[in-house]
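Take a look at the structure set out below.
We did not get these values from a lab; they are worked out from the coordinates using the rules stated. All of these numbers come straight from a predicted model, not from anything done at the bench. Methodologically, a virtual Cβ is constructed for each residue, glycine included, from the backbone with ideal geometry; neighbour enumeration extends over all protein chains shown.
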Amino acid sequence: MITSKLPFALKTHRNSYLLIGPYFHQRVKGVFEETIIPDIYKQVCEELRDSGIVVHYGRWLTEGNPYTILLDFQPLFARKNEIKGRLWDDFKIDSLNSGFDFDEPVIWSYAAGMVIERFTNMMPDKKVSAIFHEWLSGAGLLYLKTQKVRIGKVFVTHATVMGRSLANAGHDMYRHDEKGKCLMQSIDFEREAYNRQVHYKHQLEKVSAHAADVFSTVSEITGMEAEHILGKKPDILLPNGLDINNFPSIEENSIMHRFFRDKILHFLLYYFFPYYNIDIEKTLVYFTAARYELHDKGIDTIIRALGKLNETLKREKSKKNIVVFFWIPSAVRGIKPEIMENKMFFNDIENSIKENSEEIIMKLISTVLADNTVTKETLFTSQLLSEIKSKMLRFKRDSPMPPVCTHDLSDPYDPITRMFAEEGLDNSEDDKVKVIFYPTYLTGADGLLDLTHYEAMQGSHFGMFPSFYEPWGYTPVEAGALGVASVTSDLSGFGKYIMKQPSYTNSGIFTLERNDKSEEYVIDSLFRLMYYFSKLPKKKRIENKLEARRLASLADWAILSDNYVAAQNLAITKAYSD
């Protein structure tokens, strides 16, 4: 999000824009170019070093190469108890029993606050603003508040601590009772925070929201959540965007879709054909890609809807196959040996044909020109046929079904594969819906698909992101920018955003109704959408791809970055009002 926004921030602020982050030596190689600290800053940096903060000054090696300060704050850990004590004395943030996951960002952001203070004091004739993202940066904002540093302070929460915690536990916070009262109105969030042992994060977030000159969230739905949980209504919304110019054009997307689709189909050949044949020409590729949050990301809903889709297509004796990838990283021990063997034997067959490809093509051309029937015997020599037959015997497996997961999982009771079994999604030959849990990051060199995240999406036909809890939801936006149709939900920030666009017609990027709907209703609605998309002729699928791209462009930073400028200007106005 930050990298895609940079060109627009730099266009507005030019050299007045500065990024601050933590310094971790092993992680900055290749992404940060350190330079000599300018003379005007040297004295301040020496003073900060004496306080336990080592300043690394340079450029972030990304588009625009913005000036960046990275802070080695490890020496400041010696003052951890003092810093946490101040948070209690000044703001009653109870972090007595907090762990490293709280302490580390608090020490870093406190250090960032000290740095901002020193640099701001060097520019008494300038009006300065700072944007603090999430509770992790809150201690820096609160430091500036207690020191009465004159600076416009913007605090942005992307997802509230308690909202995420309760959603993970399955609480439908947005549901309304029969009298129209939202469930959030009846929850004691302070007590729940202690019960879930996240009270220190929740308290830091809440205090930061109130201490800021401008409080913001990334979406309308998170704003409503913040109003109930944090007791603070956002002053302005700051939706997340993307730089549409960094994505392929519509024409390029069309070409790249075919190229990467063929790579996926190539993978399916050695994934399924050792067990049984499927009609590759009549196969659609659906997918979901997310963190492993079974309920929040709607993964459970997808699996149950796929179970209904499979039974329906089987009853209809459909000629189509729907192959569904679950690109969801999880703990693994390695790729399943049988899949690697399948790939090796398949490559052996493929290489035999490629080595004789020129001769095969000549035979094919002469057979067609002679208007003769094309058979294996007319294309292949008896020696090559014998060789391929021998290799095919090794390629074919006795086991009746391909696995539902590409890797050996560390968890023998993995929830996704267990749900597959519950819904009868076992990749049997008569299944019309085939599932592939692909529990590793798509780096482009994983040993199987060898596609990046974007390449895998581009090669697919339909993405599924029916989130139960999603403050914004980047993936359907990215899919749309890549010319891929998808479904989001009205409980996601992006879903609500596009639903309010005047030109929205619920196509290209579909929006599933989840708010105030039963789980059965949601599952059935998703099933119907999956079924509808599976029946679309190619022309209609292309129309949806074009509409998905158009809708994604509505979240372009060229449109949304102005909100950040407005937030900073408002913060400056409040901070310098007297």
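Things worth noting here:
- Size descriptor, Kirkwood hydrodynamic radius, that averages inverse alpha-carbon separations across region 286-358, Å: 15.8 Å
- Spatially proximal lysines relative to Lys29 (Cα-Cα < 29 Å; intrachain offsets below 8 disregarded): Lys5, Lys11, Lys42, Lys80
- In straight-distance terms, cross-link reach from Lys317 covers every one of the aspartates and glutamates whose alpha-carbon lies under 14 Å from its own, apart from those fewer than eight places away in the same chain; here that gives Asp279, Glu429, Asp430, Asp431.
- Straight Cα distances below 24 angstrom link Lys336 to the lysines Lys263, Lys391, Lys396, Lys432, Lys434, with same-chain residues fewer than 8 positions distant left out.
- At q = 0.10, 0.14, 0.16, 0.18 Å⁻¹ the log10 of I(q)/I(0) for region 485-575 amounts to -0.37, -0.62, -0.75, -0.87, computed by Debye summation with a single uniform scatterer per C-alpha, solvent ignored.
- For the chain, the Cα gyration tensor yields ellipsoid semi-axes of 50, 28, 23 Å (square root of five times each eigenvalue, largest first, whole Å).
- Convex hull (Cα only) mean projected area of region 416-539, reported in nm² to one decimal: 9.3 nm²
- DSSP-loop trypsin sites (Lys or Arg not before Pro) across region 463-541, with at most 16 other Cβ within 10 angstrom: Lys500
- Over the chain, dividing the summed -39,500 (n - 2.57) contributions of all DSSP H runs of at least 4 residues by the number of residues returns a 222 nm mean residue ellipticity of -15000 deg cm²/dmol.
- Per-residue extension of 0.36 nm, minus the Cα-Cα distance of Trp88 and Asn347, leaves a gain of 86.9 nm for this segment.
- 21 Å Cα-Cα threshold exceeded, pairs from Lys297/Lys545; Lys297/Lys540; Lys145/Lys574: Lys297/Lys545; Lys297/Lys540
- Cα gyration tensor shape for region 219-371, rounded if a/c is under 1.5, else prolate or oblate: prolate
- Val374/Glu46 FRET efficiency (R0 60 Å; Cβ-Cβ; nearest 0.05): 0.15
- Calculated SAXS-style log₁₀ I(q)/I(0) at q = 0.13, 0.28, 0.31 Å⁻¹ - region 339-392, Debye, Cα scatterers: -0.37, -1.07, -1.17
- Degrees separating the helix 337-355 axis from the principal Cα axis of the chain, which is the longest one: 60 degrees
- The calculated FRET efficiency for Arg394 paired with Arg541, based on their beta-carbon distance and R0 = 41 Å, is about 0.65.
- Positive contributions from Lys and Arg (+1) and negative ones from Asp and Glu (-1), summed over other residues with Cβ under 13 Å from the Cβ of Met224, come out at 0.
- Using the average count of surrounding beta-carbon atoms within 10 Å as a protection proxy, the listed peptides 375-382, 59-66 rank, highest first, as 59-66, 375-382.
- In this simple spin-label model, placing a label point 7 Å from the Cα along the Cα-to-Cβ direction at both Lys500 and Phe24 gives a separation of 3.5 nm.
- Using the Cβ of Lys206 as centre and a radius below 10 Å, the other residues enclosed give a net charge of 0, where K and R count +1 and D and E count -1.
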